[in-house]
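Working notes for the structure below.
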Amino acid sequence: MSDIKHCRLLILGSGPAGYTAAVYAARANLNPVLITGIQQGGQLTTTTDVDNWPGDADGVQGPELMDRMQRHAERFGTEIVFDHINTVAVQQPPFRLSGDSAEYSCDALIIATGATAKYLGLDSEEQFKGRGVSACATCDGFFYRNQEVAVIGGGNTAVEEALYLSNICSKVYLVHRRDQLRAERILQDRLFRHPKVEVIWDSVLDEVLGETNPPSVTGIRLRNLKSGAVTERVVEGVFVAIGHDPATQLFRGKLKIDDEGYIVTRPDSTATDIPGVFAAGDVKDKVYRQAVTAAGMGCMAALEAERYLAALEPAAEQEHLAVASE
Ligand code: FAD
Ligand code: NAP
């Protein structure tokens with residue numbers, strides 16, 4: 001591992017943000033290198049039907065969409081490297097990254113390492129993941145049109161998911177482990193007013209109930225933490241909304257990161273607090289968390305990186321001339 005692979009622009013992550021950044025950067029002749037990480041294709045490779053990707057009117061399977069994005073990035077000359085990065089040095093350019101298989105350096109870096117939804121860790125939750133258990137109402141809510149569903153959690157995400165689902169589903173249970181929601185007051189008021197929503201307080205999900213062949217959810221078993229009472233509800237979908245973990249471990253203490261671990265960028269920009277380092281997609285976005293928004297931010301990051309690199313060029317040329325005249 002003694003050789004360092006240098007490139008002008010390195011993109012970290014192969015989800016919609018990373019691949020979109022690669023398409024734009026490659027078309028701008030930046031010859032980007034994209035490091036895929038262990039989850040090549042990102043979160044969408046863990047799902048089946050994606051029904052809200054614009055242009056795919058009949059829907060598309062997550063892995064197929066990500067395969068197409070990879071081919072699109074490669075078509076314009078992106079070099080795709082299967083590696084996982086373990087350490088980074090981003091104090092000043094060239095930025096250095098150390099992976100399982102190689103060392104890298106770059107003049108500009110786009111971080112698109114995404115995030116993962118937190119789950120409760122139940123066996124039954126795992127068994128029905130993608131088959132009745134989801135962590136994204138915007139993505140999967142439509143599959144439960146006119147059906148009964150449950151949302152687990154009491155934060156802003158859980159309340160927003162419950163309100164979103166209440167427009168689609170016939171009944172929404174919001175199950176929260178305490179007797180007070182963490183969500184903002186204005187959201188709580190909307191939730192409490194909604195005739196289709198029933199809040200189940202002081203309760204945790206003990207088990208997702210369902211059929212195995214074909215796998216489908218038929219209900220939930222709940223335990224009241226105060227009384228110990230165990231009850232069941234009939235639902236066809238369970239939405240776990242207990243928070244997300246952005247993949248920013250590598251950058252802690254090196255870039256500005258907020259209290260919840262998301263990379264902070266300038267308003268209306270993907271620029272981080274280090275010039276030349278940009279962040280796009282779920283790694284910096286706790287609000288939308290969608291493929292199309294991640295892709296949009298990937299585009300922004302590539303355009304901003306291109307401008308940053310172009311502005312460096314006269315300085316680099318001067319440096320080159322000075323060395324040549326020595
Ligand atoms: P991700 O897709 O999370 O990709 C992150 C990338 O970073 C991965 O390739 C990973 O390997 C890489 N990486 C991480 N750490 C490292 C490292 N140390 N070194 C190198 N690489 C690294 N959105 C929709 O719009 N519609 C849907 O229908 C939909 N369905 C979903 C279903 C499921 C089950 C899930 C989990 C999510 C769904 N989403 C959906 C949300 C969508 O997948 C995300 O918003 C989107 O993938 C975010 O893209 P991203 O590029 O920011 O990151
Ligand atoms: P969050 O605020 O951390 O809330 C997580 C919720 O899940 C809490 O109610 C928590 O219960 C519950 N929970 C956590 N672990 C659990 C477990 N193991 N079992 C049962 N319940 C569990 O997460 P979030 O709602 O995803 O929000 C994250 C951040 O994004 C917040 O800052 C939020 O304000 C922000 N956000 C903002 C908006 C908006 O402004 N519109 C929308 C979405 C998110 P306790 O309350 O008991 O801890």
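The values are calculated or read from the model by the stated rules, or taken from the named source; none is laboratory data. As the structure is a prediction and not an experimental result, all values here were calculated from the model. Every residue, glycine among them, receives a Cβ derived from its backbone with ideal geometry; neighbour counts consider all protein chains shown. To get the accessible areas, we keep the full protein, side chains included, count just its heavy atoms, and leave off ligands, DNA and RNA. Shrake-Rupley method; radii C 1.70, N 1.55, O 1.52, S 1.80 Å.
For segment 264-312, the candidate set comprises residues that are of a type in the set (Ser, Thr, Tyr) and free of Cβ contacts under 8 Å to residues at least 40 places away in the same chain; within that set, the residue that is surrounded by the most Cβ atoms within 10 Å (Cβ to Cβ) is 265. Note on segment 136-171: residues that are over 16 Å from residue 208 (Cβ atoms) and away from ligand 1 (no atom under 16 Å from the Cβ) amount to 13.
On the stretch given as segment 231-256, residues that are within 18 Å of residue 159 (Cβ to Cβ), of a type outside the set (A, V, I, L, M) and open to solvent by less than 10 Å² (accessible area, probe 1.4 Å) total 2. Any idea which of 301, 305 is within 20 Å of residue 44 (Cβ to Cβ) and part of a helix (DSSP H, G or I)? Within the list 301, 305, the selection yields 301. The set of residues in segment 249-261 being assigned to a loop (DSSP other than H, G, I, E, B) and more than 14 Å from ligand 2 (Cβ to nearest atom) consists of 252, 253, 254, 255, 256. Given the criteria away from ligand 2 (no atom under 13 Å from the Cβ), in a loop (DSSP other than H, G, I, E, B), over 20 Å from residue 106 (Cα atoms) and open to solvent by 20 Å² or more (accessible area, probe 1.4 Å), does residue 228 qualify? Criteria met by residue 228. Put simply, of 85, 80, 35, 11 the only residue that is within 8 Å of ligand 1 (Cβ to nearest atom), within 22 Å of residue 306 (Cβ to Cβ) and of a type outside the set (Gly, Ala, Ser) is 35.
Return a yes/no flag: does segment 40-58 have any residue that is in a loop (DSSP other than H, G, I, E, B), free of Cβ contacts under 8 Å to residues at least 12 places away in the same chain and small (Gly, Ala, Ser). The answer is yes; a qualifying residue exists. Of the residues making up segment 227-263, those that are touching a residue at least 40 places away in the same chain (Cβ under 8 Å) and among the β-branched types (Val, Ile, Thr) are 234, 235, 238, 240, 242, 248, 263.
When 193, 185, 178 are checked against the criterion of being among the basic types (Lys, Arg), within 14 Å of ligand 2 (Cβ to nearest atom) and free of Cβ contacts under 8 Å to residues at least 24 places away in the same chain, 185 stands alone in meeting it.
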